[in-house]
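The values are calculated or read from the model by the stated rules, or taken from the named source; none is laboratory data. Just so you know, these numbers come straight off a predicted model, no measurement behind them. Don't worry about glycine lacking a Cβ; one is built from the backbone with ideal geometry, like all the others, and counts go over all protein chains shown.
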2 protein chains.
Amino acid sequence: MNLTGQMLIGGQSVSGTREALHAINPATGQPLQPGYAGGDQAHVEQAGALAWAAFDAYRETTPALRAQLLETIAGEIEALGDALIERAMLETGLPQARLQGERARTCGQLRMFARTVLAGEWLDVRVDQAQPARQPLPRADLRQRQIPLGPVAVFGASNFPLAFSVAGGDTASALAAGCPVIVKAHSAHPGSSELVGQAIVRALQQCGLPAGIFALLFGSGREVGQALVNDARIKAVGFTGSRAGGLALCQTAQQRAEPIPVYAEMSSTNPVFLLPAALQARAASLAQGFVGSLTQGAGQFCTNPGLVVAVQGLALEQFVATAAELLQHSAAQTMLTPGIWAAYQDGVDSLSRHASPVASGVLPTGPNQCQAQLLRVTAAEYLANPALQAEVFGAAALIVQCRDEAERLQLAEALEGQLTATLQLDDDDIALARSLLPVLERKAGRILVNGWPTGVEVCDAMVHGGPFPATSDVRATSVGTAAIQRFLRPVCYQDLPDALLPTALRHGNPLALRRLVNGVREG
Amino acid sequence: MNLTGQMLIGGQSVSGTREALHAINPATGQPLQPGYAGGDQAHVEQAGALAWAAFDAYRETTPALRAQLLETIAGEIEALGDALIERAMLETGLPQARLQGERARTCGQLRMFARTVLAGEWLDVRVDQAQPARQPLPRADLRQRQIPLGPVAVFGASNFPLAFSVAGGDTASALAAGCPVIVKAHSAHPGSSELVGQAIVRALQQCGLPAGIFALLFGSGREVGQALVNDARIKAVGFTGSRAGGLALCQTAQQRAEPIPVYAEMSSTNPVFLLPAALQARAASLAQGFVGSLTQGAGQFCTNPGLVVAVQGLALEQFVATAAELLQHSAAQTMLTPGIWAAYQDGVDSLSRHASPVASGVLPTGPNQCQAQLLRVTAAEYLANPALQAEVFGAAALIVQCRDEAERLQLAEALEGQLTATLQLDDDDIALARSLLPVLERKAGRILVNGWPTGVEVCDAMVHGGPFPATSDVRATSVGTAAIQRFLRPVCYQDLPDALLPTALRHGNPLALRRLVNGVREG
């Protein structure tokens, strides 16, 4: 393990000029070495210039070379071995098995995007051939492909130090699209960030690609992040974090001379609807599944089930009683950072002002530990207090008790945008579910039946996204192969001679792409 | 021809409450009857409520029914016959043949989107089947489709009273996506708008669809437009018009409690690069093609070639001399509105402050006539005066003379975002073109060789879009089948029983869609 406490710009370790930030071991509250001196505007300028200089060459690399880069990064991350896992454990308080799983997910994600690049559907090649004899006017030869937007700024998330961080989903999909990436590391895990950054630098070297394709910057305040989003050479932003943080980046991006897309994944309470037949048949097992999902990883997931919606009655009371019993025995778990722990306390306090306590988890025994909390309100109270809609990041949930199905539907309509919405149902609930579905489709990016929202599969069909404020762009997903589309734009080529056409659009179709030609999809 | 001077809300003619606006016959300067009283916030509220109420039903219509609607609208527009063409001629000053062609384009576009809806690729169905035995964790059944965003506000353009107006590309693609549409008619052609609006109302009736799927509002100030974009039920905006108008809508949309996408197509000077071998070989014919494209329709096209970039020398002087000669004989043509005419005068005045006159067209003989203008500057002057980058809407163009190819490349890099960029080249220019192409790809949505940018084919491969300020969203096109994607978002369904799945996602694939299943594209 070779931590320098430096940033990575142009393949070189570069010392920051601002005050050093130190990761805090949340299990002890103690700072970790080395310190990471923050960058300044000159570092952003340097990284931006290198990314820009590398962009035209990188975006025309062959699919094979780009896939090789993604696979080499995965291999280099694996080659970091236990050192990465050990450092990430120290910086995040997350257990070893979780971080090993997250590393597998991160590397699997890089390899998935390698396959996506090779498959070539992201190029969305469309060809309308010339019709010189068409009346009243001839048709030109028109060909469309997707090209990358340009250098992308990625802001690492605190809660996935590998899978949503330096080489996480945003970086992997941007590199797959052909965009250089400048990562602003999350201050909670700078050492893990540096190790993974070094892995990317090595992979670029091995693939013979310009070092400017990647940079890793540190900074504890807003200076680096704001400078990055304001840099004219940055053409898109990926962010996972708080609503306030995401909105600040959106505002900066909109106020630029050239506004740019921001993909901010921000906040979601992930409502779970317990339908009557299911609740009647299996209140206790539902409670068990719910508490398991709620308390997993101290509830530090974007898709944590923070809201349970049910109609009042004995079955609900049985669910509540079982959930309360289980929660009371739920051990306190170390949270990611002192800041997240403090925000969790504030969030629970805010819920408590409007909702009644149901149960609390085991009392914390060390610093920064999350004591799980379950509260309840009536639907009328929930509807009357918009503050109750705010996400509390951690193992806290609110049970909302509706008078009847009409009030449940009203509540569903009043929800803000969500990453997920879940239906717990039995056969007799199907008709009711059918009436809720149209509302949930308008509210969420992913709809689950008889599952729990934590656990986000990395695959073609996944949507990790949703209406505002779940994300800043409802048209996008930040997980799964469709995430590559966030960093692409279409360009049309009219009557270009074959010698000037990009390879993907040449008449002989040298990349063997499945094109749309004169309105017909090639087999 | 049955013009009521009323708006269309819920299939009914509704009188406005604000001051009546009158179209002006630009050829005479005289107002046309009837007056169209403007709507107010209550009308927006009413149209918004109806659109919202119709949304869930409309978005689940079968592809067949939605295609039928689009085809019926086309048929109803054609059934308006000469009345529509005659009214549009009065309101716009455009000649009969042009408007007949535009009507054909409009109806062809509606029918193209009908075919697109039926083909079903827009649904982008992705299926990842359950793997219950997978280790370490089972995989759920995950299915993704695209659903429409919600009701869309469409702002008609002045320069295409049919093809970019009430039933134009924005409306057609939004209806194809499954979005209700509320059109704010352009004040320049309210009569044509009402006629087309009535055609849409009739089509909805014939298809047995809710009247709330479409509304047509009038208003001379910003009240109706701003209220529309601020309405919480509106989920996207389509706009074609000025940079100032587009930016105002973007700002409003961003400041909503729930920000929404705005697709504003705003401004472009459409640079044409005359490469040396082509210029040497055919300066006179290039000048002829250029002046033809520049003066067509009084230059009132978004893709009008307003900028010619060449390296200094005898060949350029020959081009300039021929273009000047042709332009001097170019007849003055009536512009669309007095406002557009006045803006053209201002734009030419502004260019004249920094550029030297080359030639002017024939002097106007009537009101609101556009006198074509050709001016020239050196590249150094162009680079020093950002005001010269502003689009002048009409038949005015600027020739920029570069010292050498290095300066031309520098100028290309300094350009703002464009809808189009054109290369005039011969075989000996290919190497030079190859060096310019990467820059132009970053600057424009469409790149042409040896053509002229006016004339936008409606097809799969077209991109009518480009980097800011050409449009507000570089990821989109407003012409061609890909325009449907602007109004869609992905939703993932996890472990839904077949009875709850949308038809497109059912296990038996009843719509016979070409899905992506477990990473493999179905044949």
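Of note:
- In the range A:501-523, the residue that is surrounded by the fewest Cβ atoms within 10 Å (Cβ to Cβ) out of those that are at the interface with chain B (Cβ under 10 Å from one of its Cβ atoms) and at positive phi is A:Asn518.
- Taken over the range A:474-486, the residue count meeting the criterion of being more than 7 Å from every other protein chain (Cβ to nearest Cβ) and touching a strand residue (DSSP E or B) at 6+ places or on another chain (Cβ under 7 Å) is 3.
- From the options B:Arg256, B:Arg222, B:Arg202, B:Arg243, residue that is within 27 Å of B:Thr92 (Cβ to Cβ) and free of Cβ contacts under 8 Å to residues at least 60 places away in the same chain: B:Arg222
- The residues of the range A:324-365 that are of a type in the set (S, T, N, Q), out of contact with any helix residue (DSSP H, G or I) (no Cβ under 6 Å at 6 or more places or on another chain) and in a loop (DSSP other than H, G, I, E, B), listed by number, are A:Thr337, A:Thr365.
- Selection count where residues are within 14 Å of chain A (Cβ to nearest Cβ) and touching a Ser or Thr at 6+ places or on another chain (Cβ under 9 Å), scope the range B:397-421: 7
- Scanning the range B:210-224 for residues that are in contact with a Lys or Arg (Cβ under 9 Å, 6 or more places away or on another chain) and buried (at least 17 other Cβ atoms within 10 Å of the Cβ), we see that the one that is nearest to B:Ala42 (Cα to Cα) is B:Val224.
- Residue list for the range A:391-411, filter: hydrophobic (A, V, I, L, M, F, W, C) and within 27 Å of A:Arg434 (Cα to Cα): A:Ala397, A:Leu398, A:Ile399, A:Val400, A:Cys402, A:Ala406, A:Leu409, A:Leu411
- Failed criterion for A:Met462 (all others in (1) under 25 Å from A:Gly246 (Cα atoms); (2) aliphatic (A, V, I, L, M); (3) touching a residue at least 24 places away in the same chain (Cβ under 8 Å) hold): (3)
- Residue count for the range B:306-324, restricted to those that are surrounded by 23 or more Cβ atoms within 10 Å (Cβ to Cβ) and not hydrophobic (A, V, I, L, M, F, W, C): 1.
- Filtering the range B:111-134 to residues that are assigned to a helix (DSSP H, G or I) and either of a type in the set (Gly, Ala, Ser) or under 21 Å from B:Leu505 (Cα atoms) (or both) leaves B:Ala114, B:Arg115, B:Thr116, B:Val117, B:Leu118, B:Ala119, B:Glu121, B:Trp122, B:Leu123.
- Residue under evaluation B:Ala387, criteria (1) modelled with pLDDT of 95 or more; (2) closer than 22 Å to B:Ala470 by Cα, criterion not met: (1)
- Residue identified as polar (S, T, N, Q), crowded, with 21+ Cβ neighbours inside 10 Å and more than 14 Å from chain B (Cβ to nearest Cβ) among A:Gln288, A:Gln300, A:Gln280: A:Gln300
- Candidate set from the range B:117-134 (those that are more than 7 Å from chain A (Cβ to nearest Cβ) and of a type in the set (A, V, I, L, M, F, W, C)); member that is surrounded by the most Cβ atoms within 10 Å (Cβ to Cβ): B:Val117
- From the list B:Gly108, B:Gly75, the lone residue that is out of contact with any Phe, Trp or Tyr (no Cβ under 7 Å at 6 or more places or on another chain), under 22 Å from B:Gln205 (Cβ atoms) and surrounded by fewer than 17 Cβ atoms within 10 Å (Cβ to Cβ) is B:Gly75.
- Residue among A:Ile447, A:Ile430 that is at pLDDT 95 or above, part of a helix (DSSP H, G or I) and either at the interface with chain B (Cβ under 7 Å from one of its Cβ atoms) or in contact with a Ser or Thr (Cβ under 6 Å, 6 or more places away or on another chain) (or both): A:Ile430
- Condition check for B:Arg489: within 7 Å of another protein chain (Cβ to nearest Cβ) and more than 30 Å from B:Gln280 (Cβ to Cβ): yes
- Residue count for the range B:455-473, restricted to those that are within 13 Å of the chain's Cα centre (by Cα), among the aliphatic types (A, V, I, L, M) and at the interface with another protein chain (Cβ under 7 Å from one of its Cβ atoms): 2
- Contact map, the range B:321-336: first residue farther than 22 Å from B:Leu279 by Cβ, second residue modelled with pLDDT of 95 or more and assigned to a helix (DSSP H, G or I), Cβ cut-off under 6 Å, separation 6 or more or different chains; pairs are B:Gln333/B:Ala298; B:Met335/B:Ala298; B:Met335/B:Trp341; B:Leu336/B:Thr92.
- Looking at the range A:152-262, the helices (runs of 4 or more DSSP H) lying wholly inside it that each contain 1 or more residues that are of a type in the set (S, T, N, Q) and touching a strand residue (DSSP E or B) at 6+ places or on another chain (Cβ under 7 Å) sit at A:169-177, A:190-206.
- Conditions (1) under 30 Å from B:Cys459 (Cα atoms); (2) within 12 Å of another protein chain (Cβ to nearest Cβ); number of the one not met by A:Ala104: (1)
- Per-region count, the range A:431-454, residues crowded, with 22+ Cβ neighbours inside 10 Å and under 14 Å from the mean Cα position of the chain (by Cα): 2
- Odd one out for B:Ile85, checked against (1) over 30 Å from B:Ala119 (Cα atoms); (2) surrounded by fewer than 19 Cβ atoms within 10 Å (Cβ to Cβ): (2)
- Within the range A:6-39, being under 18 Å from A:Ile85 (Cα atoms) and either outside the structural domain of A:Leu204 (by TED's automatic domain parsing) or aliphatic (A, V, I, L, M) (or both) holds for A:Ala23, A:Ile24, A:Ala27, A:Leu32.
- Test: residue in the range A:135-142 that is in a loop (DSSP other than H, G, I, E, B), in contact (Cβ under 8 Å) with a residue 60 or more places away in the chain and within 14 Å of another protein chain (Cβ to nearest Cβ): yes
- Residue identified as modelled with pLDDT of 95 or more, within 14 Å of chain B (Cβ to nearest Cβ), within 20 Å of the chain's Cα centre (by Cα) and closer than 29 Å to A:Gly101 by Cα among A:Ala177, A:Ala185, A:Ala163: A:Ala177
- Residue that is nearest to B:Ser330 (Cα to Cα), among those in the range B:343-368 that are touching a residue at least 60 places away in the same chain (Cβ under 8 Å) and buried (at least 21 other Cβ atoms within 10 Å of the Cβ): B:Gly361
- B:Pro497 passes every criterion in (1) more than 7 Å from every other protein chain (Cβ to nearest Cβ); (2) surrounded by fewer than 20 Cβ atoms within 10 Å (Cβ to Cβ); (3) touching a strand residue (DSSP E or B) at 6+ places or on another chain (Cβ under 8 Å); (4) modelled with pLDDT of 95 or more apart from (1).
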